[in-house]
Structures are given as C-alpha cells and as structure tokens.
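The values are calculated or read from the model by the stated rules, or taken from the named source; none is laboratory data. Just so it is clear, the model here is predicted, and its values are computed rather than measured. Virtual Cβ from ideal backbone geometry, glycine too; neighbours counted across all protein chains shown.
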Amino acid sequence: MTDQCDFLQRTHAPALAFSRFQPEKPVGPTVVFLGGFRSDMQGSKALFLDEACRLRGQPFIRFDYRGHGRSGGTFEEGTIGLWFQDALTVIDQLTSGPLVLVGSSMGGWISLLVARARPERIRGLVGIAAAPDFTKDMEAQMTAEQKAILRQDGVLCIPNHYSDEPYVITRALIEDGPAHFLLEKPLALRLPVRLVQGMKDDDVPWQTAFRIKSALHDGGSEDVEILLVEEGNHRLSRPEDLMLIDAQVQALSC
C-alpha cells in the first residue's frame, strides 16, 4: 500500500491530507475511515480497509484531521468541534452518494456527530472501540493537581502507554467537549450501527458500547449490534480483528 496522499487546501483552515480510491465503476457506498486521537491515516485499520475496498472495487477515503499526520496545523490547536468540522469538510467536498462511516476510538465519536449532521447520506456506521464523550472521562480521571495545571497553563502532558511521547491535553479540548457530548440524552440516528469492542481495552471500557447502544435505542434506533471481542484490546488490529471489522463494512454496504 502506497503512502502517497493528496491535500485539500482551505482558505481559512489548515490543509487536510487524504488518500482516496474512486474506481470508474464503484461497487457499493463510499467507506470513510475516521481515525482516533493522535492517530493518522497510516494506521493498520485504515490501511487494511483501504486495501480491502480496492480489491472489491468499493470507493474509500481516509484522511488526517488538522494537527494529525500530514495535515496542516498543530495538534494542540485541535478540539472535537474542529476535528468534526474537518470530517464534514472531507465528506462534503471529496465524496458523493451514500456512505459507510468507520470510526476508530475518537473517530467513533466524530462519526456519530457526522451521522447526526448528514443523516441523508449515511448508509451505516461501524464503531471500533468508539469513544464518544471521552473528554468527560479524561477530565474525571485527572487529579486535583493536574486540573490546576490545566487551568493555569492551558496544557497538561499525561503518559502515553503507546509511545514515549506523552499525550498533550489542552484546556480548549476539555472545555469544547460538552458541546458535543452524545451519551447524556437520547441519540436519534435511524441507521444501522455496529460496535466492535475489545473486552481487554484499557482505554475504552467495553461498557461504553452498551452506553452508546442505550442512547441510540432511546433515540429510536432499532438496528444496533455490539460485537464483543473477548481477547481484543483497544487497537483491535490483529488479523482476526481486521477481518471482523471489514465484515461489518461489507454487511452494511449491501
């Protein structure tokens, strides 16, 4: 898989890096991959789905939010609201017709926001360890000292067990979160949703999938399924995990 990408230039916002497969005779709706917090479009799930869609002739697009991967801007300037707007820009300007959204971790939150904003275009949604409202949980886990640092400095560094580079949490990220919370009230999305969730996920508790399902059911959604992966962790990038995810994409594409 090549790592070449194109750039969507914007006048008043950072350029967005993206990679798009658009066959002459497309098979099924376009699959849109929405990555996670501090992740990018070169991750194993994005690349696997890209290749799978190419093999069956299905349109596919993956991209980097501002401050992520090869896109312009800095990560510290980002918020859920701004990354949500990035996703809408990609969808509105670079895709057409029906879509299947695949959201990983934070991308699961953003994909739900996109589905609510563009309901007429979404054929289905696959959440991979979907993490709506995670900034609320992040703030709740902070110590009093960490909260004081965040208030005073506007920035807090916390350990990242995936790399030596710490997570940088900004006051803007935390303060912006409540405007986009989804699990505190019914979530009205009338579309099929599949939630793939590892039971050994140290970042997103498996119970979160049931909270999402409950919010969707309260909003009138009837076609919501949770697929628990007993040995799955947060990344869900083992071959069997990737095959399971792609199977959900194919099922929702019919």
Scan segment 99-113 and give yes if some residue there is more than 28 Å from G198 (Cβ to Cβ) and either touching a residue at least 60 places away in the same chain (Cβ under 8 Å) or in contact with a Ser or Thr (Cβ under 9 Å, 6 or more places away or on another chain) (or both), otherwise no.
-> no
If you check G107 against the conditions, is it in a helix (DSSP H, G or I) and either of a type in the set (G, A, S) or surrounded by fewer than 21 Cβ atoms within 10 Å (Cβ to Cβ) (or both)?
-> yes
Say whether the condition of being within 18 Å of M106 (Cβ to Cβ), exposed (fewer than 12 other Cβ atoms within 10 Å of the Cβ) and free of Cβ contacts under 8 Å to residues at least 40 places away in the same chain is met by at least one residue in segment 165-173.
-> yes
How about segment 1-86: which strands (runs of 3 or more DSSP E) wholly inside it have at least 3 residues that are under 24 Å from V249 (Cα atoms) and out of contact with any Pro (no Cβ under 7 Å at 6 or more places or on another chain)?
-> 16-21, 30-34, 60-63
Looking at (1) small (G, A, S); (2) surrounded by 13 or more Cβ atoms within 10 Å (Cβ to Cβ); (3) assigned to a helix (DSSP H, G or I), which is the only condition A179 fails?
-> (2)
Kindly establish whether V102 is assigned to a strand (DSSP E or B) and either aromatic (F, W, Y) or in contact with a Cys (Cβ under 6 Å, 6 or more places away or on another chain) (or both).
-> no
Does any residue in segment 61-85 that is within 14 Å of G107 (Cα to Cα) come within less than 6 Å, Cβ to Cβ, of a residue that is of a type in the set (S, T, N, Q) and in a loop (DSSP other than H, G, I, E, B) six or more places away or on a different chain, and which pairs are these?
-> D64/S71
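This table checks each residue for (1) assigned to a helix (DSSP H, G or I); (2) closer than 23 Å to K45 by Cβ.
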position	(1), (2)
L125	no, yes
A130	no, yes
Q152	yes, no
I169	no, no
A188	no, no
R194	no, yes
I212	yes, yes
L216	yes, yes
Qualifying positions in segment 147-161 - surrounded by 12 or more Cβ atoms within 10 Å (Cβ to Cβ) and modelled with pLDDT under 95 | C157, I158, N160
